[in-house]
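Enquirer: Mind looking over this structure? Questions follow.
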Amino acid sequence: MARVAVITAPNIGYRNTGMLTVDLAFESLRRRMGGGIDATWYTLHLPQTVPLRAGVRASDLPFRFLPLTEHLDTLRDHDAVVFWGDFLHTRHYLAQDATNRLLDFGIAPDREAARTLLNRTLLLADQPDELLARTLSYGGTILHNTQSDYEDKEYGPLFSRLMTGSRRVWVRDPLSAAKLAHLRGDRTTDYFGSDAALLSRPGDLDHLPGTRWSRDLAEGGAIGVFLGARTPVPEWLPAYCQALSDRFGAPLEWLPWFDRDVPARVGHIPARPGERTVGDLVKVLPRYRLVITDTYHLCVNAWGAGTPVLCVGAPEPRPTTDDDYLTLSDVKKHVFHMAYDATDFYLTTLPDTPEAYERRADRLVHLVEGGGADAVAARIRAHADHSAAAFTETLTSLVR
């Protein structure tokens, strides 16, 4: 049995459903590889650092995390190391999200100590070259990295060493892939992988417990709506959602992708009653006629389930400050849709004329009912299957 260390972004309390689907996708891939991989899961701080969200029981999940900060030396005992998903290697993530959480949970006493610890854990600063040579990274992104990041005397050399010394790297967007090709001086290797969550194929997550909450929705019987988590809801959007509901002949239904209060502007959208699990949130996606959301991984998972998405995002680029978490920027949503010729399904929050909204609604209905949305979903699925095959082939070559 080959031993593989899997390093993922921390998901405290399993509050972020999308990040959970990213982690579950590695287990989906491991099962499809035939069970010859013994995975050890690591993250910066454990989900149980805070109480688990409603609808999640740790015993229902196929992994148990170890704190990477306490087990860093055990990485060398594995046949391969896999960084899986997210912004793990970007300077803004290390300086913002990751540092702040280490301070919040008392894992590091100050920012300098936190950055030193992050350099050791996520950039493998103290690890030998031979470990990097059996390290893979899949589904990450360096979308927001800039030249000034590389000129950081601490981050720049460590990032470059990891990216150039790793066996293979697949990033989840084509812009990051272009940056990686520049960095590695290699224009022939395919660095564009899918989002890691897409490596779970339809049906792969059926092992998660579910309830009648997802089973009772008739296929195509509603439009799932989850808004206000990442982008402020513009004043005109609720009426537009209702217009689409009327066009499709399907009622709007609140899809509780995160446990959070429903924003006031969409507070009139009803939620189906009943207790539900995280498994229900995944299993219900293929039953919707359409999903309307501002949340990146809900877009990714819905498209992966074959359900078209109307993705809502603020216009970019916009001014940022040191306090803005670039991991939450709307750019990643827009780039994802651009990569798959799906910008017909991307809706900016900028106001427009009634005639423009009418034309957009006409186009959306035509694409959903005429097969255009199916073509987008098939394109996304084909790319995910292709890059999954390349990843499993490389991982197998490392551990056989």
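Enquirer: Can you give the net charge of the other residues whose Cβ lies under 9 Å from the Cβ of A39, counting K and R as +1 and D and E as -1?
Expert: Cβ neighbours under 9 Å give a net charge of 0.
Enquirer: Between region 201-265 and region 87-108, how far is it from one alpha carbon centroid to the other, in angstrom?
Expert: Region 201-265 and region 87-108 have Cα centres spaced 32 Å from each other.
Enquirer: Within region 125-164, what residues put their amide N at less than 11 Å from the label point 7 Å along the Cα-to-Cβ vector of A178?
Expert: Of the residues in region 125-164, none has backbone N under 11 Å from the label point off A178.
Enquirer: Quick check: the angle from helix 17-32's long axis to the longest principal axis of the chain, C-alpha only, nearest 10 degrees?
Expert: The angle comes out at about 70 degrees.
Enquirer: Using +1 at the C-beta of Lys and Arg and -1 at the C-beta of Asp and Glu, which of V368, L244, F391 has the Cα lying farthest in the positive direction of the dipole of the chain?
Expert: Result: F391.
Enquirer: When every alpha-carbon pair in the chain is counted, what percent end up more than 35 Å apart? Intermediate results must be reported in sequence, preceding the final value.
Expert: Numbers: 20102 of 79800 pairs.
In whole percent, the share of Cα-Cα pairs in the chain beyond 35 Å is 25.
Enquirer: What net charge do the residues around D186 carry, taking every other residue with its C-beta under 14 Å from that of D186, with Lys and Arg at +1 and Asp and Glu at -1? Walk me through the intermediate numbers first.
Expert: Values: positive: R167, R168, K179, R184, R187; negative: D190.
With Lys, Arg at +1 and Asp, Glu at -1, the neighbours total +4.
Enquirer: Across region 142-272, how large is the tail of the calculated P(r) beyond 24 Å, expressed as a percent of all Cα pairs?
Expert: On the way: 4822 of 8515 pairs.
The proportion of pairs with Cα distances above 24 Å equals 57 percent.
Enquirer: Next up: Mind jotting down the three principal axis lengths of region 198-339 based on Cα atoms? Whole angstrom, largest first.
Expert: 45, 34, 27
Enquirer: Same structure, new question: Quote the FRET efficiency, to the nearest 0.05, computed for T394 versus D352 with a Förster distance R0 of 41 Å and r equal to the Cβ-Cβ distance. Write out the running numbers ahead of the final one.
Expert: Details: r = 46 Å, r/R0 = 1.11.
With a Förster radius of 41 Å, E is 0.35.
Enquirer: Highest mean first, how do 116-128, 252-264 rank when packing is the count of other Cβ atoms within 10 Å averaged over residues?
Expert: Numbers: 116-128: 18.4, 252-264: 16.3.
Packing proxy ranking, top to bottom: 116-128, 252-264.
Enquirer: Ignoring ligands, DNA and RNA, what percent of the accessible area of region 203-322 is carbon or sulfur (1.4 Å)?
Expert: Details: 2490 of 4960 Å².
Solvent-exposed carbon and sulfur of region 203-322 make up 50 percent of the total.
Enquirer: Net charge within 15 Å of P251 by Cβ-Cβ distance, Lys/Arg positive one each and Asp/Glu negative one each, not counting P251 itself? Mind dumping the intermediate values first?
Expert: Details: positive: R247, R272, R287, R289; negative: D216, E219, D246, E253.
The answer is 0.
Enquirer: Tell me what the chain gives for mean residue ellipticity at 222 nm when only DSSP H runs of n ≥ 4 count, each as -39,500 (n - 2.57), the sum divided by the residue total, rounded to 500 deg cm²/dmol. Before the final figure, lay out each step's value.
Expert: On the way: 14 runs with 149 residues, N = 400.
So the helix-based figure for the chain works out to -11000 deg cm²/dmol.
Enquirer: What percent does the relative contact order of region 11-123 come to when contacts are Cα pairs within less than 8 Å and at least six residues apart? Don't jump to the answer; show the numbers that get you there.
Expert: On the way: 88 pairs, mean separation 27.1, N = 113.
Relative contact order for region 11-123 comes out at 24 percent.
Enquirer: Would you mind checking which residues have amide H under 5 Å from V82's amide H? H placed 1.01 Å from N; only 5 or more apart, or other chain.
Expert: Amide H neighbours of V82, under 5 Å, 5+ apart: A5, V6, I7, L136.
Enquirer: Let me check I have the definition right: for region 158-225, take the eigenvalues of the Cα gyration tensor, multiply each by 5, take square roots. What are those semi-axes in whole Å, largest first? Please list the in-between numbers first.
Expert: On the way: eigenvalues 312, 38, 19 Å².
Taking √(5λ) for each eigenvalue gives 39, 14, 10 Å, largest first.
Enquirer: Sticking with this structure for a sec: Please compute the per residue accessible area over the chain with all protein chains in place, 1.4 Å probe, rounded to a whole number of Å². Let's see the in-between values first.
Expert: Numbers: 16380 Å² over 400 residues.
Ligands and nucleic acids excluded, the figure is 41 Å² per residue.
Enquirer: Let me ask something additional. Would you mind putting 80-90, 33-43 in packing order, based on average other-beta-carbon counts within 10 Å, highest first? Working shown, then result.
Expert: Values: 80-90: 24.1, 33-43: 16.7.
Averaged packing, sorted descending, gives the order 80-90, 33-43.
Enquirer: Going out from 0 in 5 Å bins, what whole percent of all Cα-Cα distances in region 1-150 drops into each bin?
Expert: In whole percents, the pair-distance histogram is 2, 9, 18, 22, 21, 16, 8, 3, 1.
Enquirer: Any chance you could give the angle, 0 to 90 degrees and rounded to 10, that helix 111-122 forms with the longest Cα principal axis of the chain?
Expert: On a 0 to 90 degree scale, this one is about 90.
Enquirer: Against the longest alpha carbon principal axis of the chain, how many degrees, from 0 to 90 and to the nearest 10, is the axis of helix 354-370 turned?
Expert: For 354-370 against the chain, the angle is about 70 degrees.
Enquirer: Okay, next question. Rounded to the nearest percent, how much of the accessible area of region 135-195 (1.4 Å probe, protein heavy atoms only) is carbon and sulfur?
Expert: 53 percent
Enquirer: Could you grab the relative contact order for region 199-281? Cα pairs under 8 Å, six or more apart, rounded to a whole percent.
Expert: Details: 77 pairs, mean separation 38.4, N = 83.
Relative contact order, region 199-281: 46 percent.
Enquirer: Could I ask something else about it? Work out, in µm²/s and without decimals, the Stokes-Einstein translational diffusion coefficient of region 239-289 at 20 °C, 1.002 mPa s, Rh from Kirkwood over C-alpha pairs.
Expert: Working: Rh = 12.3 Å.
Once the numbers are plugged in, D ends up at 174 µm²/s.
The values are calculated or read from the model by the stated rules, or taken from the named source; none is laboratory data. All values reported here derive from a predicted model rather than from experimental measurement. We place every Cβ from the backbone using ideal geometry, glycine too, and count neighbours over all the protein chains shown. Areas reflect the complete protein model, heavy atoms only, side chains present, ligands, DNA and RNA absent. Shrake-Rupley method; radii C 1.70, N 1.55, O 1.52, S 1.80 Å.
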